[in-house]
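Step one of this worksheet: look at the structure below.
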Amino acid sequence: MGLIWETSSLVFFVLTVVIGGGAALAMGRALALKWRPLREVFVYAGLLGLADRFLHWGLFLDKPLDIYKGTITSIHYYAVDTSVLLLFACLAYRITQASQMTKQYRWLYYRTSPFTWAKRETSD
């Protein structure tokens, strides 16, 4: 047991970063494409964090059917997993939002970085 991962670094990388991170990227992009507010990213990342904890508990702990031996209820590991997922979801949300703003309103905004846009100067 480590500070960041519960069973091994490989399990954390595969389950949380690769699989969960991919789901979080898709979730953040989907919410941005539907013009949903950023607060919904936090709600859905929390739910995705619960699913990630369940997979860690069900697949990789020593006694998965004995709930009192595993750490499915560990607040610490839930916070670590959810923080990683929230990072991926917020990145995808902001990149998609910047892309949408500059493509749909190209006469008003231009892209300044992958995450930001700025208002065009009008010549009145």
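All of the numbers you see were taken from the coordinates with simple rules; none came from a lab. Here the structure is a predicted model, which is why all the values come from computation and not from measurement. For neighbour counting, all protein chains shown are included, and Cβ atoms are generated from backbone atoms with ideal geometry for every residue, glycine included.
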Test set (1) more than 28 Å from Thr116 (Cβ to Cβ); (2) touching a strand residue (DSSP E or B) at 6+ places or on another chain (Cβ under 9 Å) - Val80 fails condition number: (2)
Cβ pairs under 9 Å, 6+ apart or interchain, first in the stretch 29-49 and touching a residue at least 12 places away in the same chain (Cβ under 8 Å), second surrounded by fewer than 21 Cβ atoms within 10 Å (Cβ to Cβ) and of a type in the set (Asp, Glu), ordered by first then second residue, are Leu31/Glu40
Positions within the stretch 1-51 being buried (at least 20 other Cβ atoms within 10 Å of the Cβ) and more than 27 Å from Ser99 (Cβ to Cβ), in sequence order: Glu6, Phe12, Leu15
Can you name the residue in the stretch 77-124 that is among the β-branched types (Val, Ile, Thr) and farther than 17 Å from Gly28 by Cβ and is also surrounded by the fewest Cβ atoms within 10 Å (Cβ to Cβ) among such residues? Thr122
